[in-house]
Amino acid sequence: MTVLGIELRRSAALGAGLITVVVGVGALYLATGRWSSGWMALAMTVREYLLLLWPLALAAGAWQGRREHRAKVGELFTTSARPRAQRMLPVLGAMALTLTVAYLLVTVAGIGWIASTAQHVPLLNFAVVTGVGAMSLIGAAWLGLGIGRMLPALVTAPALAVAGVLLIFLSVIRLPDWLAAAVSPVHGTLPFHAYQTIDNRVSAALAISMAALATAGMLLFVADGWRTRTAALVPVVLGLLVATAVVPRDEGVLNWPVDPVARELLCTDDTPTVCVSRVNANVLDALTPLAREGLTALAKLPDAPTAVYEDTRTFMTDEVSSPEDGVVRIQVRIDKRGGLAHPAAVVPEIVRGLGVQYDGRCENRNEVVERAAAYWLLEREPRSDVGVVPGMIEEDPEINPAAVALWQGLRALPEYEALARVTAVRDALRTCADVTGILSGAAR
């Protein structure tokens, strides 16, 4: 322990750990909206930032690996009776300890941000994803130690940092998905939906390959001759073979697997019913009054929906769900503080489709007519979707003026006739019929 303490103070381990914390926490808090939705989003985002942290650990190991050459004490240490492997264990331990603690500190910094809002805690998967991330840093640092000792040039560390970034980036975009999942620490971390996780078989494959790299780096670092250095290739080859045998081949499992528990619906006890996924349970209270306001507007229609559910379909898996009677499905968005994002968009989103679930089947939808009908139900003048629909930054400038004109025509009609026309639009949407002209014309 005394020797380990000396290595912690005098080696590059503490510096590597500090850089990891600064870069990791800084990257997290520059984009809190990417992971504020929950624990798995946080774990996957920290893993994604290994695109930066993994090459830094590789470079830190290489810098430490050239210490004996830099101090010109290599020949002196060879005269010691103490085996080289025994002398190198504290260095290996110091790098592993500091980088593991640094990775966990980055994760803890993120937990502090979401602790009061994220209610779904998939503890096993979170621990596995985090643990494999920490292991990958150890593998990078130990591999860097071995390469730094073999090639103790000043340029080795920065060259390895650049090579590490390129290797990770190219492995994701060039290798087959199953092979990238087995060797790249950032594969599968790009979020495609709110219920995403990383399959434990993918994590196991990556853990095997990272352990193989760590073993190879250790052998290179303690090697006394060419035989030991050549033997370092054996764990790499074996690790790659085992990892590729373990990793699944299904594209959905590799890239955007679904956590079924996170996708389960939690609903209000009273009616009208409002339901959200378990991962978004913290916004149910904020969403409920808005959802019920939208249902109240739709209640003017006969056979109106009586419930609002979060749409838990994931577009990456081509899921298709049949419309449910009496249910409006909407997207639930989370802001950077873990609360409900874009609350002003909830009511228009519920009413805009007149209670008809759009599943992509209808090709002749008329946005002008639908907007005019929806805003008649809301008793507001139609407004552009820019600033209302999240992500909408531009639309056809003729759409909203035309909707306003139709809305004004509806307002001039007797209420019973206007309601009949809006109902006719809703019924036509249910059968994917053309709604053009339904709202037009003088009072009858």
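The values are calculated or read from the model by the stated rules, or taken from the named source; none is laboratory data. Being a predicted model, the structure only gives us computed values, none of them experimental. With ideal geometry, Cβ positions are generated from the backbone for all residues, glycine too; neighbour counts draw on all protein chains shown. For the accessible areas, the whole protein counts, side chains as well, though only heavy atoms, and no ligand, DNA or RNA atoms are used. Shrake-Rupley method; radii C 1.70, N 1.55, O 1.52, S 1.80 Å.
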Return the distance in nm (one decimal) between the two label points of a simple spin-label model at VAL388 and ALA245, each offset 7 Å from Cα along Cα→Cβ.
6.0 nm
Between LEU233 and ALA204, with labels modelled 7 Å along Cα→Cβ, what's the label distance in nm to one decimal, could you check?
3.0 nm
May I ask what percent, to the nearest 5, of DSSP beta bridges between residues of the chain are antiparallel?
40 percent
Figure the gain on full extension for LEU30 and GLN331 (residue separation times 0.36 nm, minus the Cα-Cα span) and round it to one decimal in nm.
105.9 nm
Compute the separation of the alpha-carbon centres of the range 1-54 and the range 367-381 and state it in Å as a whole number.
50 Å
Longest DSSP-loop-exposure-free segment, GluC sites (Glu not before Pro), the chain, at most 13 other Cβ within 10 Å:
1-318
Rolling a 1.4 Å sphere over the protein heavy atoms, what is the accessible area per residue of the range 146-246, to the nearest Å²?
47 Å²
If I model a spin label at GLU293 and GLU381 as a point 7 Å from the Cα along the Cα→Cβ vector, what separation in nanometres do I get?
1.9 nm
Helix axis angle, 84-114 relative to the chain longest principal axis, alpha carbon, degrees
20 degrees
Helix-only [θ]222 nm of the chain, DSSP H runs n ≥ 4, -39500 (n - 2.57) each, per residue, nearest 500
-19000 deg cm²/dmol
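For ALA372, what is the net charge nearby, where nearby means another residue's Cβ is under 14 Å from its Cβ and Lys, Arg count +1, Asp, Glu -1?
Residues close to ALA372 contribute a combined charge of +2.
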Could you give the length gained on full extension between ARG313 and PHE169, defined as 0.36 nm per residue of separation minus the Cα-Cα distance, in nm?
48.9 nm
Length gained if GLN86 through ALA127 is fully extended, taking 0.36 nm per residue and subtracting the Cα-Cα distance, is 11.6 nm
ASP224 - accessible surface, heavy atoms, 1.4 Å probe, Å² rounded to 10:
130 Å²
For the chain, take the longest principal axis of its alpha carbons; what is the angle in degrees between that and the long axis of helix 39-48, to the nearest 10 within 0 to 90?
50 degrees
Expressed in angstrom and rounded, the centroid-to-centroid distance over alpha carbons for the range 324-339 and the range 203-263 is 39 Å
Net charge (Lys, Arg +1; Asp, Glu -1) of residues whose beta-carbon lies under 14 Å from that of THR288, THR288 excluded, is -4
